[in-house]
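Have a look at the structure below, then the notes.
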Amino acid sequence: MYKIITKRELNPTVTMMDIYAPLVAKKAQAGQFIILRVDSDGERIPLTVAGYDREKGTVEIIFQIVGGTTMRLNQKNEGEFIADFVGPLGCATKTEGLKKVCIVGGGVGCAIALPVARKLHEQGAEVHSIIGFRNKDLLILEEEFKAASNKLTVMTDDGSYGRQGVVTVPLKEAIESGEHYDEVIAIGPLIMMKCVVATTKPYNIPTTVSMNPIMIDGTGMCGGCRLTVGGKTRFACVDGPDFNGFEVDFDEAMARSSMYADFEKREREGLCNLFKKEAD
Amino acid sequence: MALQPEKHRMPVQSPELRAHNFKEVALGYDEETAVSEALRCLNCKNRPCVEGCPVNISILEFISKIRSRDFEGAYKVISDSSSLPAVCGRVCPQETQCESKCTLGIKFEPVGIGRLERFVADYHNANYSGGIELPVPNGHRVAVVGSGPSGLTCAGDLAKKGYKVTVFEALHLAGGVLVYGIPEFRLPKEIVKKEVEILTKYGVDVQTNVVIGKTLTVDELFDDGFEAVFIGSGAGLPRFMGIPGESLKGVYSANEFLTRSNLMKAYLDGAHTPIMHAKKVAVVGGGNVAMDAARTALRLGAEVYIVYRRSMDELPARKEEVGHAEEEGIKFELLRNPVEILGFDDPQDRRNPKNGFVTGLKVIKCELGEPDEKGRRRPVEIPGSEYVIPVDCVIMAIGTSPNPLIKNTTAGLEVNRHGGIVVEESTGKTSKEGVYAGGDAVTGAATVILAMGAGKAAARAIDEYLSSKT
């Protein structure tokens, strides 16, 4: 059992937790992920590491409440326990040798982009961050990004905060105004990462994306997280989750991510009713 | 008394009934049947059966104990050599091992050694309430990576010799392939749980949720004070064929399909892990894993085809499992090789939710040609013979490659070109001092009992290594 040390609502749909898991905290690096189960009959879900405290032995996770498992997780409070927490899995984001980087985060993906920005910032790289949200209410981690970036641009789809528009607009502007990035690192919804790649490709700026496909074991056994990268089958859990964005088949990844859409909808609706009843 | 030429029949759930439930198919002998079957043993002097057993169980002795109705004594004999009798009695391919060497088998059916082993183990688990004889601790610590058949065997053997053994399991539950791979109807998970509990009584410490190669490395295990490490990390990434359509929705590896059903209990109503309840399923492959996947899909309500490129004679799965599958109504599309998986595509409506789901498996007919290097006749495709089997789910059961996590993080550990850990066969000794390995991590996909044999050999070698060190 793994104890929830802190819990904080970042916005109405996104929650942060620190989980006591000293072995994971000791090894975790930006870009890696963990797998957790909320209860003993729960589903295994992967979540990318948002932070860690090696001294305290805690690992920070940030999740969006989207399906049955994240709803159940969000029902847990500080001091309570979750059944399983294993990691760190996957490969760390490669940051060696990077001098100037643009980090592009979208929605809850910003939670994963932040530790990468921090790591680059700490190693002395110039970090430009562009973070995008649907609206002001969904904004998260602005202060944290500000502290880890030399330049921060906040975008909202509806213009309720920062600049109005999608993240690729300021990215393209920056590139065209002569910013020379060694690399662009994009973490967010598949469609956002696809658009970032479409933006950087004409300029041939190396672009890394962090993939988050459906997984079960997360240790290189089931093959459920397979992606087509550079025409070859690759596994996000052991080969990734970071991949060369120019080579990822995003359309296929988007199609595969909706495999259980019906099941998830039923789960969500069933749980909403259940939680509503409990509240009554 | 005249000798009965056939084995006593194994009582089973009827095919009509079991096709719709996940309860165990074979029900096991009762005491009388077990004693009668034991009486078929000729008690021959040279005991060829023992040679056929990868863990060298004293078969004659345990059968003699059954004859004299000393079932607990029989259990003691088996458990001297095997750490998982209730598992082996169910999933070992006895027909190619102990039973294939049985003298009685020359003229008649061999003694049902596997069925007797199962009877003895089940009898013990149901009736034994006494304690166990704890070994005197010898002060040495050994780490075992993976709690599958090879790891559990190695851990059990060492614990019984007084070693302090810690088993590290990556998943949330101990048992490895016994819990994620082999279905409930062939090996009830309660039985695996019980076997693991027995090992913990011998002082084996099982730590779940620890991925060696990630959470801890092999070198860190030595730093932590372990004096030897056994790697039984099992099968790794599933193979795919490389044909078009393998990323469509509704295409599974057998590992994924079985893990969802077995480990995550997706077959139960109200499970939190989803699994596709397909109408028609094609399982590609002819091994035991293919049979398990096919029979699981059937129980989830599908009409199921096994697609295999050779004929019935070359099918690598156990005959008994093939027989069970046929009885349950699984159809065999033999001498067929898949060439493409077809998917739904509505060019008018990109948002049509059916887009990207499997609609069929295109196969080509084959005939058998010259034998290959292994002596199996090679399938030769017949040009122009393609046709489509309409299915909404395809399960690839064509093997796995060894797990890459440990080799990538362990300096000095030699692997072969397939990624399997290189070992000295009789001891499991690797190229790295104090590190031993066995099971699928070494051989690639094989059987439970071969993995157990490897775990056993490594336990012996580790004991010799650590005894000689002090």
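The values are calculated or read from the model by the stated rules, or taken from the named source; none is laboratory data. Being a predicted model, the structure only gives us computed values, none of them experimental. With ideal geometry, Cβ positions are generated from the backbone for all residues, glycine too; neighbour counts draw on all protein chains shown. SASA here: full protein model, heavy atoms, side chains in, ligands and nucleic acids out. Shrake-Rupley method; radii C 1.70, N 1.55, O 1.52, S 1.80 Å.
Where does each of B:46-55, A:142-151, A:35-44 land if you order them by average Cβ count within 10 Å, highest first?
The packing order, highest mean first, is A:35-44, B:46-55, A:142-151.
Give the angle, between 0 and 90 degrees and rounded to the nearest 10, that separates the Cα long axis of helix A:261-279 from the longest principal axis of the Cα atoms of chain A.
The helix A:261-279 is inclined about 50 degrees to chain A.
What aspartates and glutamates does residue B:45 reach when the alpha-carbon gap must be under 15 Å and sequence neighbours fewer than 8 apart in one chain are set aside?
Filter leaves B:61.
What Kirkwood hydrodynamic radius do you get for chain A when you take the inverse of the mean 1/r over all pairs of distinct Cα atoms, in Å?
19.2
Would you tell me the accessible area of residue B:96, worked out with a 1.4 angstrom probe on the heavy atoms of the protein chains, in Å² to the nearest 10?
100
A plus B alone minus the pair: what accessible area, both sides summed, probe 1.4 Å, in Å² to 100?
Buried: approximately 3400 Å² between B and A.
Using only atoms on other chains, find how many Cβ atoms lie within 10 Å of each Cβ of peptide A:221-233 and report the average. Don't skip to the answer; put the middle values down first.
Numbers: counts 19, 13, 14, 8, 1, 8, 1, 2, 0, 0, 0, 1, 7.
Mean inter-chain Cβ contacts per residue within 10 Å come to 6.
Kindly flag which residue pairs out of A:232/B:407; B:160/B:456; B:164/B:432; A:3/B:265; B:101/B:374 have an alpha-carbon separation exceeding 18 Å in this structure.
Where the Cα-Cα span goes over 18 Å, the pairs concerned are A:232/B:407; B:164/B:432; A:3/B:265; B:101/B:374.
Step through the residues of the range B:383-397 one at a time and calculate ³J(HN,Hα) from phi using the Karplus curve (6.51 cos²θ - 1.76 cosθ + 1.60, θ = phi - 60°), rounding each to whole Hz and writing x for Gly and Pro.
x, x, 9, 5, 8, 10, 8, x, 9, 10, 8, 10, 10, 8, 10
Just the C-alpha atoms of the protein assembly as shown: what Rg/Rh do they give, with Rh taken as the Kirkwood radius?
0.99
Equivalent ellipsoid semi-axes for the range A:1-84, as square roots of 5 times the alpha carbon gyration tensor eigenvalues: give them largest first, rounded to whole Å.
Over the Cα atoms of the range A:1-84, the semi-axes work out to 18, 14, 13 Å.
Within 10 Å, count the other beta carbons around each residue, average over each peptide in B:138-146, B:194-202, and list them highest first.
Put in order of decreasing packing, that is B:138-146, B:194-202.
Out of every Cα-Cα pair in the range B:278-367, what percent are more than 19 Å apart?
44
Under 5 Å between amide hydrogens, which residues at least 5 positions from residue B:280 or on another chain qualify, with H placed 1.01 Å from N in the peptide plane?
B:303, B:392, B:393
May I ask you to work out the translational diffusion coefficient for the range A:100-210 at 37 °C, viscosity 0.692 mPa s, via Stokes-Einstein with Rh from the Kirkwood sum over Cα pairs, reported in whole µm²/s?
Rounded, D is 244 µm²/s.
Can you give the accessible area per residue of the range A:2-89, in Å², using a 1.4 Å probe? Spell out each step's value before the answer.
Values: 3280 Å² over 88 residues.
Averaged over the residues of the range A:2-89, the accessible area is 37 Å².
What residues qualify as long-range amide H neighbours of residue A:31, i.e. H under 5 Å apart, gap of 5 or more or another chain, H built at 1.01 Å from N?
Amide H neighbours of residue A:31: A:49, A:93.
If each of residue A:11 and residue A:249 carries a label point 7 Å out from its Cα toward its Cβ, how far apart are those two points in nm?
Output for this residue pair reads 3.3 nm.
When Rg is the radius of gyration of the Cα atoms in the range B:15-127 and Rh is its Kirkwood radius, what does Rg/Rh come to? Intermediate results must be reported in sequence, preceding the final value.
Values: Rg = 13.8 Å, Rh = 14.2 Å.
Checking Rg against Rh, the ratio lands at 0.97.
Within 10 Å of each Cβ of B:270-279, how many other protein chain Cβ atoms are there on average? Please list the in-between numbers first.
Working: counts 3, 4, 14, 11, 11, 2, 3, 1, 0, 0.
Whole-number average of other-chain Cβ neighbours for B:270-279 is 5.
Pop the C-beta distance of residue B:243 and residue B:349 into the FRET formula with R0 = 30 Å and round what comes out to the nearest 0.05.
E between residue B:243 and residue B:349, to the nearest 0.05, is 0.65.
To test your reading of the geometry: what angle, between 0 and 90 degrees and rounded to tens, separates the Cα axis of helix B:319-328 from the longest principal axis of chain B?
Its long axis makes an angle of about 50 degrees.
For residue A:100, which lysines qualify as cross-link partners when the Cα separation must be under 21 Å and same-chain residues fewer than eight apart are set aside?
List returned: A:119, A:146, A:151, A:172, A:201.
Bin width 5 Å, alpha-carbon pairs only: give the P(r) of the range B:147-266 as whole percents, running from 0 to the bin holding the largest distance.
2, 10, 18, 20, 17, 13, 9, 5, 3, 2, 0
In peptide A:257-265, how many Cβ atoms from other protein chains are near each Cβ within 10 Å, on average?
If you average over the peptide's residues, the count of other-chain Cβ atoms is 4.
Please report, as a whole percent, how much of the solvent-accessible surface of the range A:32-162 comes from carbon and sulfur atoms (probe radius 1.4 Å).
The computed percentage sits at 44.
At residue B:376 and residue B:414, where each label point lies 7 Å from the Cα along Cα→Cβ, what is the point-to-point distance in nanometres?
If labels sit at residue B:376 and residue B:414, their model points lie 2.8 nm apart.
Per the Kirkwood formula on distinct C-alpha pairs, the Rh of chain B is how many angstrom?
Details: mean 1/r = 0.0424 Å⁻¹.
Hydrodynamic radius (Kirkwood, Cα only) of chain B equals 23.6 Å.
Could you order the peptides A:104-115, A:180-191 from most to least packed, using the average number of other C-beta atoms within 10 Å per residue?
For the peptides A:104-115, A:180-191, the packing ranking is A:104-115, A:180-191.
Take the eigenvalues of the Cα gyration tensor for the range B:240-398, scale each by 5, and report the square roots as semi-axes in whole Å, largest first.
26, 21, 12
Show me, for the range B:364-369, the HN-Hα J-couplings you get by feeding each phi into the Karplus relation (A = 6.51, B = -1.76, C = 1.60, θ = phi - 60°), rounded to Hz, glycine and proline as x.
10, 6, 10, 10, 8, x
With all protein chains present, how much of the accessible area of the range B:191-269 (probe radius 1.4 Å) comes from carbon and sulfur, to the nearest whole percent? Let's see the in-between values first.
Numbers: 1180 of 2510 Å².
In the range B:191-269, the share of accessible area belonging to carbon and sulfur is 47 percent.
Using only Cα atoms, locate the centre of the range A:64-81 and the centre of the range B:172-229, then give the distance between them in Å, rounded to an integer.
Each part's Cα centre sits 28 Å from the other's.
Take every Cα pair under 8 Å in chain A that's 6+ residues apart, average their separations, divide by the length, and report that relative contact order as a whole percent.
16
Beyond 26 Å, what percent of the Cα pairs of the range A:8-142 remain?
Distances greater than 26 Å cover 23 percent of the Cα pairs.
Which whole-Hz ³J(HN,Hα) couplings does the range B:438-450 yield from phi under the Karplus relation 6.51 cos²θ - 1.76 cosθ + 1.60, θ = phi - 60°, glycine and proline marked x?
Once θ is set to phi - 60°, the couplings for the range B:438-450 become x, x, 4, 4, 9, 8, x, 3, 9, 9, 4, 6, 5 Hz.
How far is helix A:190-200 tilted, in degrees, relative to the longest principal axis of the Cα atoms in chain A, given as a value from 0 to 90 rounded to the nearest 10?
For A:190-200 against chain A, the angle is about 10 degrees.
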